[in-house]
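Next up is a structure, given as structure tokens.
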Amino acid sequence: MHLRHLSLTNFRLYSRLEVDLPSQAILLYGDNAQGKTSLLEAIYVLATGRSSHTTSDRQLINWLASEEGLTPHARLAADVVRADRSLHIDMVLMLEPAKTEDGWRFRKQIKVNGAVVRTTDLIGQIAVVMFLPDDVEIVSGSPANRRRYLDNALAQVDVDYARALDLYGEVLSQRNALLRQLAETGGDLDQLIYWDEQLASAGTTITLKRQSMIAELEALADRLHRDLTHERHTLRLRYQPAFNADLPTAHVYQPGLNLDLPTRSPEATFEQARQSFLKQLHTKRSEELARGSTLVGPHRDELRFIADEIDLGVYGSRGQQRTAILAMKLAEVHWMREKINDWPILLLDEVMAELDVHRRGFLLNQINGANQAILTSTDPEMFTAEFRRQAKMVKVIRGRIEI
Ligand SMILES: Nc1ncnc2c1ncn2[C@@H]1O[C@H](COP(=O)(O)OP(=O)(O)OP(=O)(O)O)[C@@H](O)[C@H]1O
Ligand SMILES: [Mg+2]
């Protein structure tokens, strides 16, 4: 698939942008702070309804628009060409005056082919895989980075996952609030039953889907990792789901659950896994009440990257971590392509800088077949002359572009 036309109004530093994008590799180049990353981010927002960065939604709206208008808003629109259809996506991000702490409420309106839809209806419309310079933190950073990585990929192709994730987040905060309330003022513990059931259902969906995705990704990433390291090093993914991980009597649940065996079908184990989730909630209840937070469930999942038996998050060099994440990201591209039967749009932000010549060549070769890959760089010289000849070169200057 590819984006044929992109239109931005008051999105970050872009006050107005209309651009046709060809179906090929596109290299956005220009000095620092000119708007290269923001353009990739805009496409990511259109595809997922969320920012690729961990910024708040309101930061996406041009700050001059925020100063001027009564209801500051940004608008993003795109014409998308897919193997089997074309579509038009239109998104308005707005701040409305409200009786909140800071006096504003953020709202998003999304239309697909003119009809208003919910964010989850965006799933399956535009698929993107984004490569960011910070991606190495998926390996080296906190577990939250790894969970976000899994969520971002899965929620793009699996509606049930995206719904379970939204529901889980809501249930988790309600349940935590109730735990705190019960701890502070007492009350009937049976109030937890409803929330436990909800949490276990959504949580089990998330865990099992993560589990099968990780198994699929591992096979792809391992092969890519061997290629990247000249057949020398294996890459394994060790998933540690948090609803059977820290039980000393794990073997009691293990036989039915088998959560660490990636070959087991999610459907077959769903009910058993859900029951195990509920059991663990009961076991942890007094501790949860004491701490006022939920201690069981995928919000505490962990994923480790193991190269030749070595945990890269702990012992990997920066270069080894980078290689692993490059293999993971390329695996994600192949995985997504398989799921949606089409090439996702690839967005690569400043990825060449930290790669050696072999890895640069490998990456460019891998993305060669994509319908559309949009890359950014402050220095186009980092790309081979051949790549630059074949790619569409686009210069970005302070929120405007020169083709
Ligand atoms: N809401 C906003 N309104 C206006 N400008 C913004 C907003 N958010 C960010 N900016 C500005 O947009 C500019 C461009 O940012 P962007 O990250 O897209 O640049 P870049 O070309 O990728 O630069 P670099 O090469 O440094 O990565 C920055 O100067 C930033 O401060
Ligand atoms: Mg940038």
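I'd like to check something: does the stretch 305-312 contain any residue that is surrounded by fewer than 20 Cβ atoms within 10 Å (Cβ to Cβ) and either in a helix (DSSP H, G or I) or within 23 Å of the chain's Cα centre (by Cα) (or both)?
Within the stretch 305-312, one or more residues are surrounded by fewer than 20 Cβ atoms within 10 Å (Cβ to Cβ) and either in a helix (DSSP H, G or I) or within 23 Å of the chain's Cα centre (by Cα) (or both).
I've got another one for you. Answer yes or no: is there a residue in the stretch 378-401 that is in contact with a helix residue (DSSP H, G or I) (Cβ under 6 Å, 6 or more places away or on another chain) and under 22 Å from Ala324 (Cα atoms).
No - not one qualifying residue is present in the stretch 378-401.
Same structure again: How many residues are near ligand 1 (Cβ under 7 Å from one of its atoms), free of Cβ contacts under 8 Å to residues at least 40 places away in the same chain and part of a loop (DSSP other than H, G, I, E, B) if we restrict to the stretch 45-72?
Summing the residues that are near ligand 1 (Cβ under 7 Å from one of its atoms), free of Cβ contacts under 8 Å to residues at least 40 places away in the same chain and part of a loop (DSSP other than H, G, I, E, B) in the stretch 45-72 gives 0.
Here is a further query. Among the numbered criteria (1) in contact with an Asp or Glu (Cβ under 8 Å, 6 or more places away or on another chain); (2) surrounded by fewer than 21 Cβ atoms within 10 Å (Cβ to Cβ); (3) of a type outside the set (Val, Ile, Thr), which one does Asp379 miss?
(1)
Still on this structure: Using the structure shown, decide if Pro241 is at pLDDT 95 or above, buried (at least 21 other Cβ atoms within 10 Å of the Cβ) and not hydrophobic (A, V, I, L, M, F, W, C).
Answer is no for this residue.
Let me ask something else. Return the residues of the stretch 351-376 that are exposed (fewer than 13 other Cβ atoms within 10 Å of the Cβ) and among the β-branched types (Val, Ile, Thr); say none if nothing qualifies.
The answer is Val357, and nothing else.
Only one of (1) closer than 30 Å to Arg163 by Cα; (2) modelled with pLDDT of 95 or more; (3) away from ligand 2 (no atom under 16 Å from the Cβ); (4) of a type outside the set (Asp, Glu) is not met by Phe11, so which one is it?
Single failed check for Phe11: (3).
So which residues in the stretch 106-135 are among the charged types (D, E, K, R) and in contact with a Lys or Arg (Cβ under 9 Å, 6 or more places away or on another chain), if there are any at all?
Across the stretch 106-135, the qualifying residue is only Asp135.
Related question: Which is within 11 Å of ligand 1 (Cβ to nearest atom), over 23 Å from the mean Cα position of the chain (by Cα) and either polar (S, T, N, Q) or in the same structural domain as Asn371 (by TED's automatic domain parsing) (or both), of Ala42, Ala83, Ala33, Ala98?
Ala33
With touching a residue at least 24 places away in the same chain (Cβ under 8 Å) and of a type in the set (Lys, Arg) as the only criterion, which of Arg82, Arg105, Arg16 stands out?
On the way: Arg105 fails: touching a residue at least 24 places away in the same chain (Cβ under 8 Å); Arg16 fails: touching a residue at least 24 places away in the same chain (Cβ under 8 Å).
Answer to the selection: Arg82.
When residues of the stretch 1-25 are filtered for being assigned to a strand (DSSP E or B) and within 9 Å of ligand 1 (Cβ to nearest atom), how many remain?
4
Does Arg163 count as in a strand (DSSP E or B), over 14 Å from the mean Cα position of the chain (by Cα) and under 24 Å from Val45 (Cα atoms)?
Numbers: in a strand (DSSP E or B): no; over 14 Å from the mean Cα position of the chain (by Cα): yes; under 24 Å from Val45 (Cα atoms): yes.
Considered against the rule, which asks whether it is in a strand (DSSP E or B), over 14 Å from the mean Cα position of the chain (by Cα) and under 24 Å from Val45 (Cα atoms), Arg163 comes out as no.
Based on this model, can you work out whether Leu28 counts as within 16 Å of ligand 2 (Cβ to nearest atom), part of a strand (DSSP E or B) and either touching a residue at least 12 places away in the same chain (Cβ under 8 Å) or over 20 Å from Leu95 (Cβ atoms) (or both)?
yes
The values are calculated or read from the model by the stated rules, or taken from the named source; none is laboratory data. As the structure is a prediction and not an experimental result, all values here were calculated from the model. Counting neighbours? That spans all protein chains shown, and the Cβs are built from the backbone with ideal geometry, glycine included.
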